[in-house]
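Visitor: Here's a structure for you.
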Amino acid sequence: MRCEPLGTDVPYFPYPLESSEDGLGYTICNHLMSSHIQLDTQAAEVLRLADGEKSLSDIIVHLDKVYPDAGGSEVIGTKVIDLLRKLSSSELIWWRDIPLSSVPVPPPLSIFWEITSECNLRCLHCVVSAGEKASTELSTERCLSLAEELASLSVQNIAFSGGEPLIHPDFLIIAEKIQKLGMSIQVATNGTLVTPSFARKLLDLNAQVQVSLDGSKPEIHDRFRPGQNAFRRTITGIRNLIETGHQVTIASVLSTNNIHDIPAQIKLAEDIGATSFRLIPFVPKGRGEAHRDMEVSTEESKEVTLYLRDIREKTRLNIASLEFEEMLDNNIHSPQLDPNMPLKCGGAVSYATITPIGEVLPCHFFEGVRADNVQSTDFHEVWCCSRFLNYFRHLRVSDLHGKCGSCNWLSTCAGSCRAVNYAKGDLFGGNHACWMNQEI
């Protein structure tokens, strides 16, 4: 990110522009800082031209031709640079040394489909603030046609989430369509709605099921997911799945509320008959923004990672690793860094998230971005043409600054997940979740 761009540098604005309420200008939302910026038509035109292909000089020359009475290229250039400098400070403009390439993008392998924003719980850490159904959610008819579009692109897997996906009145209709089209199905659920009958229907779909369980006892789990006897109902749902023949993954959000309960959670997962156990880092996004005290320190995260690696040899459960586990082996030689190496995140490359209202995002942590939408546009067009998705496809380790930029492990982790950084308004900085970053 340059504060003083050169004429040969290439600015890129990744967000859609929205017409202002008075119809006289445009609005963009700084999704990092939760503020809106009003633009006149001339400023909006600059951002349209900042497409990642034109250099700063190209934009100024173009505007000088379009507006011959604006005072010349020097005056126009000063105004353009001033606008782009202000937006760059909020990470709304991304600068490149060379234009973005227009290489064709292969279709995604997987889609994380938030089929509804409605949920019967109000979890403190929910990154999408699920609760009430959105008034503009995709219709069942559009969901079915969208399934056909995804199948035509050879998408292999659909992972349903929400909200609570099982609360959608036509979930089974949509899921059966997905199955008939030859795509595999995963379901992430809170488990409270899984009756024996629903468990059998999920088995008929050959669905892989992940159930959220954030504690080994009610006083821990229900602190995360208040009301409705969530723990008891979730345990019943898990048992219904296992007794029906499912191989169940139990997923727990790691936070200060349950970090000392992890051994008990793993024992409960073993005792109840689950197949796999995974920890998901708490990210202060969505409803979690009001509960930032739930975020564990990097030192605590390292201790948990060490514990998981140790217990993995002592349990029949498949235990997923946390980020940065490879850095526990300090004897491993990190290969020479290629600055053009893509960031590790596969969002917008091998997978994407479709929100309940149809917006296509790299992953659900970017919920709230006014992104391109499949309500009335073919998914393939959005996938290929979205500036926001294209933004993430071109991120390289050389774009990182802060401690990550000088870390010897960068060629190994490739920056890893940027979700915590995005939630904290520091997308390109040193990874806030990495203990190595804190130790340097």
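The values are calculated or read from the model by the stated rules, or taken from the named source; none is laboratory data. Model, not experiment: these values are computed from the prediction. In this analysis, Cβ positions are derived from the backbone assuming ideal geometry, glycine residues included, and neighbour counts consider all displayed protein chains. For accessibility, only protein heavy atoms count, side chains too; no ligands or nucleic acids. Shrake-Rupley method; radii C 1.70, N 1.55, O 1.52, S 1.80 Å.
Visitor: Quick check on my link table: of 217/285; 177/217; 79/285, which ones sit more than 27 Å apart, alpha carbon to alpha carbon?
Guide: Details: 217/285 25 Å; 177/217 37 Å; 79/285 35 Å.
Pairs exceeding the cut-off: 177/217; 79/285.
Visitor: With Cβ to Cβ distances under 14 Å as the rule, what net charge do the other residues near residue 421 carry (K, R +1; D, E -1)?
Guide: It works out to a net charge of 0.
Visitor: Once the dipole of the chain is set up with Lys and Arg at +1 and Asp and Glu at -1 on Cβ about the Cα centre, which of 238, 306, 153 lies farthest towards its positive end?
Guide: Of the options given, the answer is 238.
Visitor: Still on this model: Set Lys and Arg Cβ to +1 and Asp and Glu Cβ to -1, take the dipole of region 281-440 about its Cα centre, and tell me which of 349, 315, 371 lies farthest positive.
Guide: It is 371.
Visitor: Would you mind pulling out the separation of the Cα centroids of region 288-328 and region 190-230, in Å?
Guide: Between the Cα centres of region 288-328 and region 190-230 lies a distance of 22 Å.
Visitor: What ranking do 134-143, 179-188, 49-58, 355-364 get when scored by the average of other Cβ atoms within 10 Å per residue, highest first?
Guide: In descending order of packing, they fall as 355-364, 49-58, 179-188, 134-143.
Visitor: Quick one: what are the phi-derived ³J(HN,Hα) couplings along region 315-323, Karplus 6.51/-1.76/1.60 with θ = phi - 60°, whole Hz, x for glycine and proline?
Guide: Computed from phi, the couplings for region 315-323 are 9, 7, 5, 7, 10, 6, 7, 8, 4 Hz.
Visitor: With N set to the number of residues, divide the alpha-carbon radius of gyration of the chain by 2.2 N^0.38 Å and report two decimals.
Guide: Compared with the compact-globule rule of thumb, the chain sits at 1.05.
Visitor: I need the semi-axes of the equivalent ellipsoid of region 274-392: take the C-alpha gyration tensor, multiply each eigenvalue by 5, square-root it, list largest first in whole angstrom. Before the final figure, lay out the partial values.
Guide: Working: eigenvalues 211, 81, 47 Å².
Equivalent ellipsoid semi-axes, largest first: 32, 20, 15 Å.
Visitor: Oh, and also: Give the shape of region 93-188 as rounded, prolate or oblate, defined through the alpha-carbon gyration tensor: a ≥ b ≥ c are the square roots of its eigenvalues, a/c under 1.5 means rounded, and otherwise the shape is prolate if a/b is larger than b/c and oblate if not.
Guide: Because a/c hits 1.5 or more and a/b fails to exceed b/c, region 93-188 counts as oblate.
Visitor: First select every other residue whose beta carbon is under 11 angstrom from the beta carbon of residue 60; then total the charges, Lys and Arg +1, Asp and Glu -1.
Guide: 0
Visitor: Shape of region 147-197 from its Cα gyration tensor (a ≥ b ≥ c, root eigenvalues): rounded if a/c is under 1.5, otherwise prolate when a/b > b/c, or oblate?
Guide: prolate
Visitor: Tally Lys and Arg at +1 and Asp and Glu at -1 over the other residues with C-beta under 11 Å from the C-beta of residue 101: what net charge comes out?
Guide: Details: positive: 96, 393; negative: 53.
Charge balance near residue 101 sits at +1.
Visitor: Suppose accessible area is computed on protein heavy atoms with a 1.4 Å probe; arrange 243, 91 from highest to lowest.
Guide: 243, 91
Visitor: Let me make sure I get this right: for region 214-309, a, b and c are the square roots of the gyration tensor eigenvalues over alpha carbons, sorted descending. Under 1.5 in a/c it's rounded, otherwise prolate if a/b > b/c, else oblate. Which is it?
Guide: Values: a/c = 2.16, a/b = 1.36, b/c = 1.59.
Verdict is oblate for region 214-309.
Visitor: Follow-up question, since we're still on this one. Provide the per-residue ³J(HN,Hα) series for region 423-433, in order, calculated from phi with Karplus coefficients 6.51, -1.76, 1.60 and θ = phi - 60°, each as a whole number of Hz, with x at glycine and proline positions.
Guide: Working through the residues one at a time gives 5, 9, x, 9, 4, 9, x, x, 5, 5, 9 Hz.
Visitor: Separate question: Could you give the Stokes-Einstein D for region 2-137 in µm² per second, using the C-alpha Kirkwood radius, 25 °C, 0.890 mPa s?
Guide: Translational diffusion coefficient: 139 µm²/s.
Visitor: Using DSSP, restrict attention to beta bridges with both residues in region 250-384 and report what percent are antiparallel, rounded to the nearest 5. Intermediate values should be presented prior to the final figure.
Guide: Working: 3 of 11 bridges.
Given both bridge residues lie in region 250-384, the antiparallel proportion sits at roughly 25 percent.
Visitor: What do you reckon, how do 15, 351 stack up by accessible area (1.4 Å probe), largest on top?
Guide: 351, 15
Visitor: Moving to a separate point now. Report the Stokes-Einstein translational diffusion coefficient (µm² s⁻¹, integer) for region 385-440, Rh taken as the Kirkwood radius over Cα pairs, at 37 °C with viscosity 0.692 mPa s.
Guide: Roughly 281 µm²/s, to the nearest whole number.
Visitor: Determine the dipole magnitude for region 231-335: charges of +1 sit on the beta-carbon of Lys and Arg, -1 on that of Asp and Glu, nothing else is charged, the reference point is the Cα centre, and the result goes in debye to the nearest 20. Don't skip to the end; give the middle numbers.
Guide: Values: 13 positive and 16 negative charges, 112 e Å.
Roughly 540 debye for region 231-335.
Visitor: In addition: Could you work out the relative contact order of the chain, using alpha carbon pairs under 8 angstrom and six or more residues apart, expressed as a whole percent?
Guide: Taking the mean separation of contacting Cα pairs over the length of the chain, I get 16 percent.
Visitor: What percent does the relative contact order of region 1-144 come to when contacts are Cα pairs within less than 8 Å and at least six residues apart?
Guide: Values: 162 pairs, mean separation 37.6, N = 144.
Computed value for region 1-144: 26 percent relative contact order.
Visitor: How big is the antiparallel share of DSSP beta bridges in the chain, given as a percent to the nearest 5? It would help to have the intermediate numbers written out before the result.
Guide: Details: 15 of 46 bridges.
So the antiparallel bridges in the chain amount to around 35 percent.
Visitor: Compare the Cα positions of 36, 433, 189 along the charge dipole of the chain (+1 at Cβ of Lys, Arg; -1 at Cβ of Asp, Glu; about the Cα centre) and return the one farthest towards the positive end.
Guide: 189
Visitor: What ³J(HN,Hα) values, in whole Hz, does the Karplus curve 6.51 cos²θ - 1.76 cosθ + 1.60 give for region 368-377 when θ = phi - 60°, with x put for Gly and Pro?
Guide: x, 5, 7, 9, 5, 10, 9, 3, 10, 10
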